[in-house]
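Remarks on the structure that follows.
Just so it is clear, none of the values below were taken in a lab; they were calculated from the coordinates. Here the structure is a predicted model, which means the values were calculated and not measured. With ideal geometry, Cβ positions are generated from the backbone for all residues, glycine too; neighbour counts draw on all protein chains shown.
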């Protein structure tokens, strides 16, 4: 899924494979990071998951999407959205560096 917004796009990589591109326009990078923070907080409050369980679940989901992308299997839009939240949550928890998993491409003028 590659989408271009009026301000460019956010591309997410996992294990050096481009997984998806998200539009930057109405949704800004801060909005995407807010989605990741909400995922972490909701997991702790509503589901009583500790950090170790959350990190394992986020990594497992990202690895699943990665393997499906390699095998060229169908990935739904909801899975792409969850991948965004999981990967940015791992960045927020300092498991991955932001520069290793994401890149912002501005729109060409």
Completion exercise
Between the modelled labels at residue 50 and residue 35 (7 Å from Cα along Cα→Cβ) the distance in nm is 3.0 nm
Problem - Gain in span if fully extended, residue 95 to residue 11, counting 0.36 nm per residue against the direct Cα distance - result: 28.4 nm
Problem - Acute angle (nearest 10 degrees) that the helix 77-92 long axis makes with the longest principal axis of the chain, alpha-carbon atoms - result: 70 degrees
Completion exercise
Exposure proxy check on 93, 88: fewest-to-most Cβ neighbours within 10 Å is 93, 88
Exercise for the section: Go ahead and set up a Gaussian network model of the chain, Cα springs under 10 Å, then flag whichever of 37, 97, 53 fluctuates most. Expected result: 53
Practice task
Within 10 Å of each residue's Cβ, count the other Cβ atoms and sort 82, 44 from fewest upward.
Solution key: 44, 82
Handout entry: Estimated distance in nm for a label pair at residue 59 and residue 71, the labels positioned 7 Å out from Cα along Cα-to-Cβ
Key = 2.1 nm
Exercise for the section: Using the number of other C-beta atoms within 10 angstrom as an exposure proxy, rank 31, 98, 79 with the fewest first. Expected result: 31, 98, 79
Exercise for the section: Measure out, as a whole number of angstrom, how far apart the alpha-carbon centroids of segment 83-99 and segment 31-73 sit. Expected result: 9 Å
Problem - On Cα atoms only, tilt of 29-45 relative to the major axis of the chain in degrees - result: 10 degrees
Handout entry: Ratio of the Cα radius of gyration of the chain to 2.2 N^0.38 Å, where N counts its residues
Key = 1.05
Problem - Tail weight of P(r) past 13 Å, computed on alpha-carbon pairs of segment 29-80, percent - result: 67 percent
